[in-house]
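Trainee: Have a look at the structure that comes next, please.
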Amino acid sequence: MTASDGLEAMKLALSARIDAVVTDAIMPHLSGKQLAAFLRNNPKLSGIPIILLTGQENKAASKPAGVSIDAFLFKPVKAEELTACLAGLLKPGHQDSN
């Protein structure tokens, strides 16, 4: 599923079964960091793996304080890189750590 902005992504997360979230750090209405915080604070959604896409090369600067992000990918993202990252995050047993 795709969402046109952060608010739509939040609504989709609440209304549909999702296995993982791939979000841009900067989106209209609700940033990727705000979306991640919302997901982590919702008991039904807190274990969903989150991949944050960012154009910032400084990982420390792009990391939201107090919010757990499972993976950071730096743009431009290659399809193989995203596929490998998702495969690793969706392996059985990975979500047990959240």
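Bear in mind that the values in this text are calculations on the coordinates, not laboratory data. The structure presented is a predicted model; accordingly, all values stated were derived computationally and were not measured.
Trainee: Once a ≥ b ≥ c are taken as the square roots of the eigenvalues of the Cα gyration tensor of region 1-43, is the result rounded (a/c under 1.5), prolate (a/b larger than b/c) or oblate (a/b not larger than b/c)?
Mentor: oblate
Trainee: Another one. State which entries of 11/78; 11/33; 11/44 exceed 21 angstrom in Cα-Cα distance in the structure shown.
Mentor: Pairs exceeding 21 Å: 11/78.
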